[in-house]
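Reviewing the structure listed below.
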Amino acid sequence: MSRRGNCYDNAHAESFWSRLKTELLDGGSFRNLPEARLEISHYLAYYNAERRHSALGYLAPNHFETHFQTTSQ
């Protein structure tokens, strides 16, 4: 539960939803609920594995993990 009146509590979630709306929806719409679920699940897979993240030095999470594992051994 976020603290009352603190706009920074949900900053990460709000940033994600903003990107999803911008990158996936872009003013469009889905024909039905199954299509929406499929497209959103594809976007989540892309976002969590392949999309570059500024917090990871603009590396994709897969590349960051591989780099981290090889340098930490």
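No value in this document is a laboratory result; all are computed from the given coordinates. Everything quoted here is computed from the prediction, not taken from an experiment. All Cβ positions, glycine included, derive from the backbone under ideal geometry; neighbour counts span all protein chains shown.
Points worth noting:
- Entry note, the chain: relative contact order of 14 percent, from Cα contacts under 8 Å with a spacing of 6+ residues.
- Label-point gap, in nm, between His12 and Asn48 - each point 7 angstrom along Cα→Cβ: 1.4
- Folded to 0 to 90 degrees: helix 61-71 orientation relative to the chain principal axis, Cα: 10
- Compared with the dominant principal axis of the Cα atoms in the chain, helix 33-49 is inclined by about 20°.
- Taking the Cα atoms of the chain, the ratio Rg/Rh between the radius of gyration and the Kirkwood radius comes to 1.09.
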